[in-house]
1. With +1 on each Lys and Arg Cβ and -1 on each Asp and Glu Cβ, and nothing else charged, work out how big the dipole of chain A is about its Cα centre, in Debye to the nearest 20.
2. Would you mind pulling out the separation of the Cα centroids of the range A:170-187 and the range A:109-145, in Å?
3. Take the alpha carbon atoms of the range A:259-300, find their center, do the same for the range A:307-346, and report the distance between the two centers in whole angstrom.
4. In the protein assembly as shown, which cysteines lack any other cysteine Cβ under 4.7 Å from their own?
5. Please give, to one decimal in nm, the separation of the simple spin-label points placed at residue A:166 and residue A:145, each 7 Å out from Cα toward the Cβ.
6. Under 20 Å Cα to Cα from residue A:301, which aspartates and glutamates show up? Leave out anything in the same chain fewer than 8 places away.
7. Cross-link candidates for residue A:156: which lysines have Cα within less than 23 Å, leaving aside residues fewer than 8 places away along the same chain?
8. Let me make sure I get this right: for the protein assembly as shown, a, b and c are the square roots of the gyration tensor eigenvalues over alpha carbons, sorted descending. Under 1.5 in a/c it's rounded, otherwise prolate if a/b > b/c, else oblate. Which is it?
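Derivation of every value follows stated rules applied to the coordinates shown; laboratory data play no part. What you see is a predicted model, and the numbers here were worked out from it, not measured in a lab. Quick reminder, even Gly has a Cβ in these numbers, built from the backbone with ideal geometry, and neighbours come from all protein chains shown.
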Amino acid sequence: MSKKVLYYLNQFFGGIGGEDMADFEPEFRAGELVGPAMGINAAAGDGIEAVGTLICGDNFFGTHEEEAKAFIAKVIEEQQPDILCAGPAFNAGRYGFACAGACAVANEAGVIPVSGMYEENPGLEHCQSFSWVAATANAAAQMRKAIPLMGNLIAKLAAGEEVTPEDDSYFAQGRRETVLVEDRGSKRAVDMLLARLNDEEFVTELPMPSFDEVEPAPPIADLTKATIALVTSGGIVPNGNPDRLQSASAQQWNKYDISGYDELKGDFYTVHGGFDPVYCNEDADRVLPLDALREMEKEGKIGKVYDYMYTTTGTGTAVANSIQFGEEIGKELKEAGVDGVLLTST
Amino acid sequence: MVKEIERYGIPIVHMATITTISSSVGARRILPTVAIPYPTGNPNLPDAEEHELRQSMVERAVNALGTEIEDTTEFEA
């Protein structure tokens, strides 16, 4: 008997529209295969039957998570799929988050969750432990490579075949399973140690997770004397974008003197791709609230608004770049004696 | 970026709409905002009300900078 697969896509891949449609309420197209679902379903082969495609706007999912999840749960209840396939989301943060949410709903309902993401997608950690997430490239240009990976996972999981992260290119779930091996533990440990001492290759049986947490910084003791800086990943720049900040996958950050401004309205706008810029371009304080912070300075509630604001574009920007930007900006702020930072993200 | 700036010992508030992402990237002080295209505004409100909303949000963010925390903390939206 063939296994039933339900697909989940965002508004873009679902063919509804771009960023202007990101608030699109979830809908279910029974029996229909839309966009990437078509390719994945074909790649998964004959053993499966598609029940249809769920489409939901990324912003809708982000801001109405419970409602979106309830909708997905209802469709699962009605359609009784065996597998839910969400994405691939590549490195799209909001889409990854939505796919993770869809996977969570499926998992709770006893449906096998499959997705596809880039390793830096923030959605990954929200579903990696209970979903089969194919390791994709960071951009949709690599769709043609993602499709067979997801199709393969679906086919094997549907058939009840064993899959491994190595052979099937998915992110390890971090579960420990009981397996039978030739040698007992003590011998394997000594073999590993000897290999290590001899500079030979060895493979650990239990990779340790790497934690990189930063301790919360101590609070500002006296806000009325504090210098507060504004930083944003919302792509806010002076009109005309004089330093040509990228609209996606930022390679740089910029800083601008705002000491002569009471508000950003009229003089600044956003170059950030991936969200509708209309509201921000009417008044950039909607993304970086200089006007309100200036007000607090005037009222003596804070000491001073730092003379420069720092800006970059968050969408599609590599984590490695973000780390570097943060280090460089933080160094400047530290040296300038800034006491606290408000960082806005879109 | 939030995490690297905080590493210098400077308190930082991440004002973001999808706070789940915010905490998963390691932000410690988080203030939920209005919506992705206008975190600190709301074009559906009349000007005066929008201004008031932003003012109160920024005051809460600044107060969060003055608040002692032990772990990741999401302040009141």
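1. Numbers: 26 positive and 55 negative charges, 70 e Å.
Here chain A has a charge dipole of around 340 debye.
2. 24
3. 17
4. Isolated Cys, the protein assembly as shown: A:56, A:85, A:99, A:280.
5. Here the modelled spin labels are 2.1 nm apart.
6. Excluding near neighbours in sequence, the set is A:222, A:262, A:263, A:285, A:291, A:339, B:52, B:59, B:68, B:76.
7. Output for residue A:156: A:3, A:4, A:145.
8. Numbers: a/c = 2.33, a/b = 1.47, b/c = 1.59.
Note, shape of the protein assembly as shown comes out oblate.
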